[in-house]
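To start, the structure itself, in structure tokens.
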Amino acid sequence: MDDPLVKARLEKLARLRAEGIDPYPPRAVRADPIGTINSCYSELSSEERSGDRKTIAGRIVAMRRMGKASFLDLRDGTGKIQLHAAADVLGEEEYKRLRSCDIGDFIAAEGEVFRTKRGELTVEVESWRFLAKAIRPLPEKWHGLKDVEL
């Protein structure tokens, strides 16, 4: 295996299994479509909390780590939503495990829907689990195009 990214992900996969976590569980949780959540909570104003707990599932397409908090963008077939994960909400161990996720991994998360100061609809992660560990990175957006300038 020459690709260092694939090698690192295989090492993470082995670590998960050593911790007793199935990175490819046989069952997934029933999740609300992200597009439905986006439309149902579109009226929330800045910094307003819905009071509703929702479960969502999808692929991690972006991550922003900031000390004891992280923001992840999750995408399913209906849309994209931001997740906010904090060590004080999840607990140190679960937060550390979530931070070890890679772009391309599939996860399910449950938490309250709210809107951030910047106006982004977000789910506060209160619990989460792996649905599938990605071994290969996502292809570049221009992958397969002959002329990337187009």
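The values are calculated or read from the model by the stated rules, or taken from the named source; none is laboratory data. Note that the coordinates shown come from a computational prediction; the quantities given were computed from them, not determined experimentally. Glycine also receives a Cβ, built like all others from the backbone with ideal geometry; neighbour counts cover every protein chain displayed.
Just a few scattered comments:
- Residues considered: ALA85, ALA108, ALA134. Of these, the only one that is assigned to a loop (DSSP other than H, G, I, E, B) and crowded, with 17+ Cβ neighbours inside 10 Å is ALA134.
- Test: residue in segment 112-126 that is touching a His at 6+ places or on another chain (Cβ under 6 Å) and modelled with pLDDT of 90 or more: yes
- Restricting the first member to segment 100-114 and to residues that are in contact (Cβ under 8 Å) with a residue 60 or more places away in the chain and closer than 9 Å to GLY58 by Cα, and the second to residues that are in a strand (DSSP E or B) and among the β-branched types (Val, Ile, Thr), the beta-carbon pairs closer than 9 Å and six or more apart or on different chains are ALA108/THR55; ALA108/ILE56.
- Within segment 58-82, considering residues that are within 17 Å of GLU110 (Cβ to Cβ) and in contact with a helix residue (DSSP H, G or I) (Cβ under 9 Å, 6 or more places away or on another chain), the one surrounded by the most Cβ atoms within 10 Å (Cβ to Cβ): LEU72
- Neighbours by Cβ (under 7 Å, 6+ apart or cross-chain): first from segment 73-88, over 16 Å from ARG115 (Cα atoms) and in contact (Cβ under 8 Å) with a residue 12 or more places away in the chain; second of a type in the set (A, V, I, L, M, F, W, C) and part of a helix (DSSP H, G or I): ASP76/ILE34; THR78/ILE34; GLY79/ILE34
- Residue in segment 28-46 that is touching a helix residue (DSSP H, G or I) at 6+ places or on another chain (Cβ under 7 Å) and either at pLDDT 90 or above or outside any strand (DSSP E or B) (or both) present: no
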